[in-house]
1. With a 1.4 Å probe and every protein chain left in place, tell me how much accessible area B:PHE106 has, in Å² to the nearest 10.
2. Karplus couplings for region B:29-35 from phi (6.51 cos²θ - 1.76 cosθ + 1.60, θ = phi - 60°), rounded to Hz, Gly and Pro as x?
3. Report, largest value first, the span of the C-alpha coordinates of region A:4-109 along each principal axis, in whole Å.
4. To the nearest 20 Debye, how big is the dipole of chain B about its Cα centre, given +1 on the beta carbon of each Lys and Arg and -1 on that of each Asp and Glu?
5. Could you identify which residue out of B:LEU11, B:LEU88, B:LEU39 has the top mean-square fluctuation in a GNM of chain B using Cα springs shorter than 10 Å?
6. So which trypsin sites (Lys or Arg not before Pro) in region A:43-110 end up in coil per DSSP with only 13 or fewer other C-beta atoms within 10 Å?
7. If you place +1 on the Cβ of every Lys and Arg, -1 on the Cβ of every Asp and Glu, and leave all else neutral, what size is the dipole of region A:4-109 about its Cα centre, to the nearest 20 Debye?
8. Heads up, I need the accessible area for A:HIS75: 1.4 angstrom probe, whole protein in place, Å², nearest 10.
Amino acid sequence: TQLLEQSPQFLSIQEGENLTVYCNSSSVFSSLQWYRQEPGEGPVLLVTVVTGGEVKKLKRLTFQFGDARKDSSLHITAAQPGDTGLYLCAQAPGTYKYIFGTGTRLKVLA
Amino acid sequence: EAGVTQSPTHLIKTRGQQATLRCSPISGHTSVYWYQQALGLGLQFLLWYDEGEERNRGNFPPRFSGRQFPNYSSELNVNALELEDSALYLCASSPGKVVGGGTSAFFGQGTRLTVV
C-alpha cells in the first residue's frame, strides 16, 4: 500500500512569510495532485504534476515534483490569510486507491 | 459545466438508523470515490467505483456500502449508524483509468452526517 506522508502537520505563520510543505511516498507516483480544503468544504484541486522534476506555478504557489517521482513540495511566497486551509497531496486517481496524504494545516495570521 | 454534486448537504440521523448519501459526478467521469472526514482530520478512503463496479474499498466495516448506477452517479449507504460515523462525507469523480496518469479528480461539497 502506497503511503503518503506530509510535513509539517501544522504551520502557523505571519502574513508575508514564505513556507514550504512536503509530501513523501514510499513508492513512485504516476502523478500527484495538490488540493486545498477550507473548513466544511470539499477539497479544491490546485495542480496535477506528472513528470519527474516538473515545476508548476500558480500565482504565489510553486509546486515541484521530485526527479524520482516519490516526493513533492509546495512553496508559498508571501503568504496571505486567504492561504489558510488544509493542504492535501494525493497520488493519481484511477490507479489503485485514491489515497490522500495526512495533510498540512496552515494558518496565516494577519 | 456542472461540478460534482452531493445530496443532501446535511443529514441528521439517530443511532441505529440507516443513511443514504448521493453523488452525481462530472459529466463524462466514470470513476467515483467516497471519503469520510471526521472533524479536524484527514480524508479516509471508503470506496472507489468505476464503470459500475466496486474497484476497491478502504478499511471500513461492511455496514458501509454503496453502488454506482449506469449513469455513473453513486450512493453511499451506512447501516446501523453509530455516533462515531458523524463526519463530512466527500465524493470525488475522475475520468477513470488513464494510461500514464495525469488525470484529475474533483470533489463535491460534501454531506455533513450527524448521528445523535
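The values are calculated or read from the model by the stated rules, or taken from the named source; none is laboratory data. Treat the numbers as computed from the prediction; the structure is a model and nothing was measured. FYI the Cβ positions are ideal-geometry reconstructions off the backbone, even for glycines, and counts take in every protein chain you see. When the accessible area is computed, the model is the full protein with side chains, heavy atoms only, and any ligands, DNA or RNA have been set aside. Shrake-Rupley method; radii C 1.70, N 1.55, O 1.52, S 1.80 Å.
1. My reading of the accessible area for B:PHE106 is about 80 Å².
2. Taking θ as phi minus 60°, the curve returns 7, 9, 9, 10, 10, 10, 9 Hz for region B:29-35.
3. Cα extents, longest axis first: 37, 29, 20 Å.
4. On the way: 9 positive and 9 negative charges, 37 e Å.
Here chain B has a charge dipole of around 180 debye.
5. Result: B:LEU39 has the largest fluctuation of those listed.
6. Values: sites: A:LYS56, A:LYS57, A:LYS59, A:ARG60, A:ARG69, A:LYS70, A:LYS97, A:ARG105, A:LYS107; in loops: A:LYS59, A:ARG60, A:ARG69, A:LYS70, A:LYS97.
Listed in order of number, the matching sites are A:LYS59, A:ARG60.
7. Numbers: 10 positive and 9 negative charges, 34 e Å.
Here region A:4-109 has a charge dipole of around 160 debye.
8. 60 Å²
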